[in-house]
């Protein structure tokens, strides 16, 4: 009888929420929704210096968060925010955002640079940034349709040494001209 | 009195009005019983827009009516940049609600909420009554003007702006700064904490000082802070003022303004010391938005609304949730980002409750930027969770902190922060 009443009360919302003391730990959605204030609803960023997380791979997100937490990746807010979450939280967020639809950005890009980047990308970056940057090998982040300013900030951090490049990336990037690198970023930003 | 249905339908516009008309035809309407599926959200700011949108995103079978007195919202975050002259107008800070209706089916009612009957679950508005199954109040703040002698709640801000709600007040303050003669004095009065946006008054100090340095270099700003010290990001503000505004910013802690003389353009500290200003920006002490007080939701302090830290349901009236600046959210600061996080947790648990599902513990974030100059900003961050033993929201250790220094990259991120959070609220 009591159970029946409780079921009815729950279903109709009559029971006061506050009367129910037990609550489940934060879900992936609860954790991830809090990120959306800066990264956009469901991880689709409208701010050009902040990356979209929608469609990013779980591995890349977990890797990024761990590196923010340890300080291995340079950051402003992310280093501190990452300390607020556990490795299990990172996995939950990574899974959540990886399931969201890729968010195509609407940005003005230089078509000549895009073409140049397109001609360079396969030979130089294609082994890890696969499918025109729509996917990444292992924890390599997807770059397709990211905001150009975000990609440029990251590249500047790589070139200055603030952010450490993976060995294979360093081999490719070091000999390239700044113009070629910028063309590559234009290309990846353009991929829908 | 019931809601003027034609008026309401007109305001809603488009497809949603048809749905409502159909509902009205079957005797549902806005004042009748709804079968447990209507949430009313009051206040279309940082908290209310997000609560309304996320409830619809999580369960589109729940009807959501967002009631807001204006047809637009102007963001307080970044409004100091307009005051400092970094923005031509307030359009980058202004959002409308039409896409919340088009994209998510949020029904928007432009009306003034005058009362709440918690027992009958009815909201009284200037357009009639609206029934609810659950009510979310995100009313922001109002001012305890009665604590300042000589302050008339209506007329005083017309000459002595607070500019602590963005819009006409923000524009008035900038106009006064522009009209002030070079060599003039600006007086900024900061109330005792807690108030909306802890670093806000110090960012405003910076932005006014920047304006003076550039346009009226013989002028200065006297900051009368009722608090014993700078409330937020202290080291960074002091560093910025020393770097950019030496001789312009005269910061005076523990100076509580208790009286204002509009005619003489003076404020009085603790009834004894008069300070005269050519422009006076008096930010009065604050409490939860008026409707929260009217609805009897404020706690023993008579100012802020105590809530359950998981659901944001009022501990005073069941079925009413309070989010944003108006609620007591433990360690979370009264910021736009806090309101955004609180709204999502509140929405999640309202939807779960209505669907007979379990509650989910709160997890939230705050990120709050302040500009020190045209190109430099600083921030404070934190991750927040519920301490079950304390039954309160606490900061996760290690997650709370401020920028190491003033920087241009933080200013670049700040601009994207604004773009993202306003886009989230309006699309």
Kindly indicate which of A:47, A:40 is on the phi > 0 side of the Ramachandran plot and within 7 Å of chain B (Cβ to nearest Cβ). A:40
When region A:7-28 is checked residue by residue, the ones that are more than 7 Å from chain B (Cβ to nearest Cβ) and modelled with pLDDT of 50 or more are A:21, A:22, A:28
Could you tell me whether residue A:81 is assigned to a loop (DSSP other than H, G, I, E, B) and at pLDDT 95 or above? no
The lone condition residue B:364 fails out of (1) in contact with a helix residue (DSSP H, G or I) (Cβ under 8 Å, 6 or more places away or on another chain); (2) in the same structural domain as residue B:47 (by TED's automatic domain parsing); (3) buried (at least 24 other Cβ atoms within 10 Å of the Cβ) is (2)
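Hey, can you tell me all the residues within region A:177-192 that are outside any helix (DSSP H, G or I) and either under 18 Å from residue A:132 (Cβ atoms) or under 24 Å from the mean Cα position of the chain (by Cα) (or both)?
We begin by selecting, within region A:177-192, every residue outside any helix (DSSP H, G or I); these are A:177, A:191-192.
Within region A:177-192, A:191, A:192 qualify.
Any residue in region A:62-75 that is in contact with a helix residue (DSSP H, G or I) (Cβ under 7 Å, 6 or more places away or on another chain), in contact (Cβ under 8 Å) with a residue 60 or more places away in the chain, more than 11 Å from chain B (Cβ to nearest Cβ) and in a helix (DSSP H, G or I)? Steps first, please.
Within region A:62-75, the first condition is being in contact with a helix residue (DSSP H, G or I) (Cβ under 7 Å, 6 or more places away or on another chain), and the residues that meet it are A:62, A:65-66, A:68-69, A:71, A:73-75.
Now restrict to residues that are in contact (Cβ under 8 Å) with a residue 60 or more places away in the chain: A:62, A:73-74.
Cutting the leftovers down to more than 11 Å from chain B (Cβ to nearest Cβ) gives us A:62, A:73.
Pick out the ones that are also in a helix (DSSP H, G or I) and you get A:62.
Yes, region A:62-75 contains at least one residue that is in contact with a helix residue (DSSP H, G or I) (Cβ under 7 Å, 6 or more places away or on another chain), in contact (Cβ under 8 Å) with a residue 60 or more places away in the chain, more than 11 Å from chain B (Cβ to nearest Cβ) and in a helix (DSSP H, G or I).
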Scanning region B:395-414 for residues that are in contact with a helix residue (DSSP H, G or I) (Cβ under 9 Å, 6 or more places away or on another chain) and either closer than 13 Å to residue B:337 by Cβ or at the interface with chain A (Cβ under 8 Å from one of its Cβ atoms) (or both), which turns out surrounded by the fewest Cβ atoms within 10 Å (Cβ to Cβ)? B:398
Does residue B:364 fit the bill of being at the interface with chain A (Cβ under 7 Å from one of its Cβ atoms) and either in contact (Cβ under 8 Å) with a residue 60 or more places away in the chain or over 22 Å from the mean Cα position of the chain (by Cα) (or both)? no
I'd like to check something: does region B:368-380 contain any residue that is buried (at least 24 other Cβ atoms within 10 Å of the Cβ) and under 23 Å from residue B:288 (Cβ atoms)? yes
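So that you can scan it fast, the table gives a plain yes or no per residue for (1) over 24 Å from the mean Cα position of the chain (by Cα); (2) modelled with pLDDT under 95; (3) closer than 19 Å to residue B:259 by Cβ:
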| residue | (1), (2), (3) |
| --- | --- |
| B:112 | no, no, no |
| B:128 | yes, no, no |
| B:157 | no, no, yes |
| B:160 | no, no, yes |
| B:189 | no, no, yes |
| B:196 | no, no, no |
Select from region B:310-359 the residues that are out of contact with any helix residue (DSSP H, G or I) (no Cβ under 9 Å at 6 or more places or on another chain) and within 24 Å of residue B:382 (Cβ to Cβ) and write down the one among them that is surrounded by the most Cβ atoms within 10 Å (Cβ to Cβ). B:333
Residues in region B:320-342: is at least one in a loop (DSSP other than H, G, I, E, B), within 9 Å of chain A (Cβ to nearest Cβ) and modelled with pLDDT of 95 or more? no
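The values are calculated or read from the model by the stated rules, or taken from the named source; none is laboratory data. Keep in mind it's a predicted model, so treat the numbers as computed, not measured. When we count neighbours, we look across all protein chains shown, and the Cβ atoms used for this are built from the backbone with ideal geometry, even at glycine.
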